[in-house]
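J.: Pasting in a structure now, in structure tokens, and then I'll have a few things to ask.
Throughout, read-outs are computed from the coordinates displayed, never taken from laboratory work. Computed from a predicted model, the values in this text were never measured in an experiment. Neighbour counts run over all protein chains shown; Cβ positions are idealised from the backbone, glycine included.
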Amino acid sequence: MALFAACSNPKVTTYKNVSYDAGFDTVYAYLENTKKKEEEAKNNFNESAKLLKYYNNLFDIYHNYPGLNNIKTINDEAGKKAVVVDQAIIDLLKEAKKFYELSHGEFDITMGATLKLWHQYREEGIELNKQGKKGALPSKAELEATKAHRGWDKIQINEEKKTVFITDPKVSLDVGSIGKGMATELVAKAMEKRGVQSGYINVGGNIRTIGSKPNNEPWSIGITDPKGQLTNGLVAFKKQGNFSFVTSGDYERYYIASDGKTYSHIIDPKTLFPANKYRSVTILTADSGLADAMSTSLFTLSIEDGKKLVERVKKETGQKIHVVWVMNPDKVQDKNYTMVGQYAISYTDGLKDQLTFSK
């Protein structure tokens, strides 16, 4: 949930709009504070929604589009031939591979075979849950069979020819853990080039601010209560200027299985099962693509190992990175946490002054 204070500068017009078909299976919200005519802000919104839809199609793993080679095209041609792609796909894969190395394999978009198997069971489980029934779980044998069909050694990227070739026909790419974040960042940068100086774009919770608010107040964003009991969220984060805010949580896209346990969509590459350490992990940093990838990776790591990854990424990228972990009390990993409602909240050093906890 995102909560933004309204603009109170009488010389500035605040333009807001929402699109339900800009892609990534979510709602796209746009806000721009401007001293120019509202028509220009409307044009910026329309252009941003159009661009977001293009990246949705480009990074899609489920659908084909006429005249467009996307991630699904690459997967479809696995073991057959190289596919000529847009530079944005090359850039996305390079960033994903870099983060795979930085995370020591914790972030892996080549494990599409495993994710596809869980997706099938999860979708069937969600439908059964709607009928008051419990879903099934993939067998150990099924999961182990997918383990052999992943790895960057099976992905060939030719930057000169702009082609991608998967050598193993059973390997597939799944960019759900970085695609939306990278698209958000690309759209935000495009709006900056169009002259937008103050505002934000919100792609289903992937939030990227542009500039500062006209009245010099900080942007304020709330971290969702997993059970939705606190309407203003568990904690609010306040900051001025450009930044990205991305949360990965277990309270969306989940199902209850035959063992009575709840299984989310974030799969641990080591166990091949959904991670269950946290209710949510939120990343606050400059780049939305990086924030997206990190929120997924840290969801499967302990807080200690997560902090180590943060330090490696900070050293590599030079970006400031902060993390907020939300967990059930029985999952607490150290003494440094704050109880808010029924949840324990831990966060990285230096973030406390920017947080306001709900009461």
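J.: Would you mind getting me the FRET efficiency between L351 and D330? Use the beta-carbon distance for r and R0 = 30 Å, nearest 0.05.
T.: Result of the calculation: an efficiency of 0.80.
J.: Same structure again: In whole Å, how far is the Cα centre of region 301-359 from that of region 192-218?
T.: Using only Cα atoms to place each centre, the spacing works out to 24 Å.
J.: Which of the trypsin sites (Lys or Arg not before Pro) across region 168-220 are loop residues per DSSP, with 14 or fewer other Cβ within 10 Å?
T.: R194
J.: Looking at the P(r) of region 71-166, how many percent of alpha-carbon pairs lie beyond 15 Å?
T.: That fraction is 68 percent.
J.: Would you work out which of A344, G318, L290 lies farthest towards the positive end of the dipole of region 202-359, given +1 charges on the beta-carbon of Lys and Arg and -1 on that of Asp and Glu, about the Cα centre?
T.: G318
J.: Can you tell me which of A188, A78, A136 moves the most in a GNM of the chain? Springs connect C-alpha atoms under 10 Å apart.
T.: Checking each option, the largest mean-square fluctuation is seen for A136.
J.: Please compute the volume of the convex hull spanned by the alpha-carbon atoms of region 1-152 and report it per residue in Å³.
T.: It comes to 198 Å³ per residue, whole-number rounded.
J.: Do any of K133/K335; K80/K320; K140/K331; K16/K331 go past 30 Å between their Cα atoms, and which?
T.: K133/K335; K80/K320; K16/K331
J.: Nearest 5 is fine: what % of DSSP beta bridges in the chain come out antiparallel, could you say?
T.: Around 95 percent antiparallel, to the nearest 5.
J.: Moving on to the next point. Would you kindly work out the equivalent ellipsoid of the chain from its C-alpha gyration tensor and give its semi-axes, the square roots of five times the eigenvalues, largest first in whole Å?
T.: Those come to 32, 27, 19 Å.
J.: Determine, for each peptide in 282-289, 261-268, the mean count of other beta carbons within 10 angstrom over its residues, then list the peptides with the highest first.
T.: Ranked from most to least packed, the peptides come out as 282-289, 261-268.
J.: Report the residue, chosen from S244, S220, S172, that carries the largest GNM mean-square fluctuation when the chain is represented by alpha-carbon nodes joined by springs under 10 Å.
T.: S220
J.: Also, quick follow-up: Considering just Cα atoms, how many Å³ per residue does the convex hull of region 205-359 enclose?
T.: 125
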